[in-house]
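The next block holds one structure in the form of structure tokens; read it before the comments.
Any read-out appearing in this document is the output of simple, stated calculations on the displayed coordinates, not a laboratory observation. Predicted, not measured: the structure shown is a model, and the values here were computed from it. Cβ placement follows ideal geometry from the backbone for every residue including glycine, while neighbour counts extend to all protein chains displayed.
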Amino acid sequence: MRKIAPAIAATVLAALALSGCSQTPATPTGPVALSLWTGFTGGDRAAYEGIVKDFNSSHPNIQVTMDVQPWDTIAQKLPSAWATGQGPDLATPNFDSNIVAKYLDTKSLLALDDLGTGDTQINSDKLAPAAVKAFTADGKLYAVPANIATLQLYYNKALFKAAGITAPPATVDEFRADAQKLTGNGVYGLSLADHETIQMWPILQWLDGGDVVDAKGCSALGTPENIKSLTTWAGLVTSGVAPVGLTGAESDTLFSGGKAAMQLNGPWAAAGYTKAGIDLGVAAVPVGVNGPVTLGSTVPLAISAASKHPKEAQEFLAYWTGKQAQTTFALASGFPPVRTDLADDPQLTANATVTAFAAALPSARLWLPGVTGATKVDSDVYVPLIGQITRGADVASSVADATKKINAITGCKG
């Protein structure tokens, strides 16, 4: 065919436009593509990837791509990306549940409105109440729990047997006594991490009747209970019962290498320890002076306020927190399900790891929930405090300094 002269071509196109027959590109008919950033780089990564894979298989019109990155990378990139309307459709912004407040300040989160009881709706009334409370602001839910976990006591049965201890400690006094008895011959009685990990030290204070921040948002560190507790536990570290200054990864390596007899940890660690050949026992955290208590954690899974596909993104959250996905996830990871209506599921009750960690949910406490500047209190004050006193610094003076810093962050007026 001969080429149409430029002038004639222009005339024809103008006529088509005027007649309403413009040559608008056809609307794409492919599936909606959603991007998801997560920091699940550990041994439980495959369980999260399994949720995404199963969703994509059952939802051909919506396809989710999960991009796994280190938590600190997400912390550096995501705030500015979401604040400027860029970045992924969905993300787990941080393993700290208090991070939701930071993203609400920049209006970066989508308020979830697809709530109810249907298969494609987010059943918020069936989710763990502590997580729902943590992710709700002004009566609106802004995230769902990507997971929920508790910390329990891991112990090395072989080391216990060698030390003549027949059962894991049941009380906080037995906990300390056993830790000392198990120490020696290159083995620590207790492996404690104090940074780059989920918090463990608040549990030790709770066991002794102490706390870090009170109901008014003021530092509680200076009470007699806390001074005594921190002095006692820091003394065990400085005396060699527990190592000094470990990251979470270093603490895990110590336990998996048979160099520590006990450790506080979550369900994500069980499979790795068993694979490493540890004769593993999982028991409840020893009972404290005010009864059972442990730390609970939950990772928020949220949608960008700028997502071009909010409906499809919410459908993905509904699937993630649905019965089928949570049952499969729990069996694959050892985590308790994020739903409260699966407690009697025979598949889950038959799984010892799931049962052990689910049993602690009623006594689990989140770390600094609702505290103004919680993330800063943790990273800038509490973590350095533990680092100082476990290296021999005076507890009373260190606590006094930490108290001033915490109250300045939270706005406490005393």
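Which residues make up the longest stretch of the chain clear of trypsin sites (Lys or Arg not before Pro) that lie in a DSSP loop with no more than 14 other Cβ atoms within 10 Å, not counting the sites?
So the longest stretch without any such site is 108-215.
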**Request:** Take the alpha carbon atoms of region 142-165, find their center, do the same for region 289-359, and report the distance between the two centers in whole angstrom.
**Result:** 18 Å
**Request:** Taking the chain as the reference, fit the longest principal axis to its C-alpha atoms, fit the long axis of helix 6-18 to the helix C-alpha atoms, and give the angle between the two in degrees, 0 to 90, nearest 10.
**Result:** 70 degrees
**Message:** Apply the Karplus curve 6.51 cos²θ - 1.76 cosθ + 1.60, θ = phi - 60°, to the phi angles in region 270-277 and return the couplings in whole Hz, x for Gly and Pro.
**Reply:** 4, 4, x, 5, 5, 5, 6, x
**Request:** Could you pull out every one of the lysines with an alpha carbon less than 16 Å from that of K413, ignoring same-chain neighbours closer than 8 positions?
**Result:** K216, K404, K405
**Prompt:** Put +1 on the Cβ of every Lys and Arg and -1 on every Asp and Glu Cβ in the chain; which of A408, T92, T171 then has its Cα farthest towards the positive end of the dipole?
**Reply:** T92
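Once you've got the Cα coordinates, tell me which of K308/K376; K157/K275; K275/K323; K140/K311; K53/K275; K107/K140 are over 21 Å apart. Could you put the intermediate results ahead of the total?
Details: K308/K376 32 Å; K157/K275 15 Å; K275/K323 29 Å; K140/K311 16 Å; K53/K275 25 Å; K107/K140 13 Å.
Distance filter (> 21 Å) returns K308/K376; K275/K323; K53/K275.
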**Complete:** Between T29 and N351, the two model label points (7 Å from Cα along the beta-carbon direction) sit apart by a distance in nm of 4.1 nm
**Complete:** With -39,500 (n - 2.57) per DSSP H segment of 4 or more residues and division by the full residue count of the chain, the 222 nm estimate, nearest 500 deg cm²/dmol, is -11000 deg cm²/dmol
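What shape does the chain have by the C-alpha gyration tensor, where a ≥ b ≥ c are the square roots of the eigenvalues, rounded means a/c under 1.5, and otherwise prolate means a/b greater than b/c and oblate the rest? Display every interim value, and only then the final one.
Numbers: a/c = 2.50, a/b = 1.93, b/c = 1.30.
Prolate, because a/c is 1.5 or more and a/b exceeds b/c.
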